[in-house]
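K.L.:
Encoded as structure tokens, here's the structure I'll be asking about.
Nothing in this text is a laboratory measurement; each read-out follows from the coordinates by a stated rule. Remember, it's a predicted structure, so these values are computed and weren't measured experimentally. Because the Cβ atoms are built from the backbone with ideal geometry, glycine has one as well, and the counts that use them run over all protein chains shown.
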Amino acid sequence: MVRMNFLGLRTTAGRFRFFAVLEALSWLGLLTGMAFKYLPEEGNEIGVKIFGPVHGGVFVLFVLIALVTAREFEWNWKTTVLALLSSIPPFFTVLFEVWAVRTGKFDQQSASGTESPKTLAASS
């Protein structure tokens, strides 16, 4: 049985995955808050007031971790730009992360000596 550490924060890939999911969830909260603000006649702004700053902070953290990940895995400029652009439309960070795993963007060994996910899976 292969043990997978889906949101493991010990690796760069795990941190990227964590912030990709967190960014998507903050988008969900913000969109829900916007729905409650604009759809009813007398909207309630509390959801936007809470999730607006939360999403903004998570957005900045995602951009930073995307840049760190790009450097760590030596992504080319196209992959790096795609990672950064994925933070703009709702939920695209998760789509990018799935694409990056499927295309092997997390398979290289990092400069810090951490092992790639395929290496870890093979040794388990």
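K.L.:
Over the Cα atoms of region 1-94, Rg to Rh with Kirkwood Rh, two decimal places?
P.N.:
Details: Rg = 15.6 Å, Rh = 14.3 Å.
Result for region 1-94 is an Rg/Rh of 1.09.
K.L.:
Can you bin every Cα-Cα distance in region 51-102 into 10 Å intervals starting at zero and give me the percent of pairs per bin, rounded to whole numbers?
P.N.:
Final binned percentages: 25, 58, 16, 1.
K.L.:
Along the Cα→Cβ direction, 7 angstrom out, place labels at residue 37 and residue 85. What is the inter-label distance in nm?
P.N.:
2.7 nm
K.L.:
Which of the trypsin sites (Lys or Arg not before Pro) found in region 5-93 are in a DSSP loop and have at most 15 neighbouring Cβ atoms, other than their own, within 10 Å? Spell out each step's value before the answer.
P.N.:
Details: sites: 10, 15, 17, 37, 49, 71, 78; in loops: 10.
Listed in order of number, the matching sites are 10.
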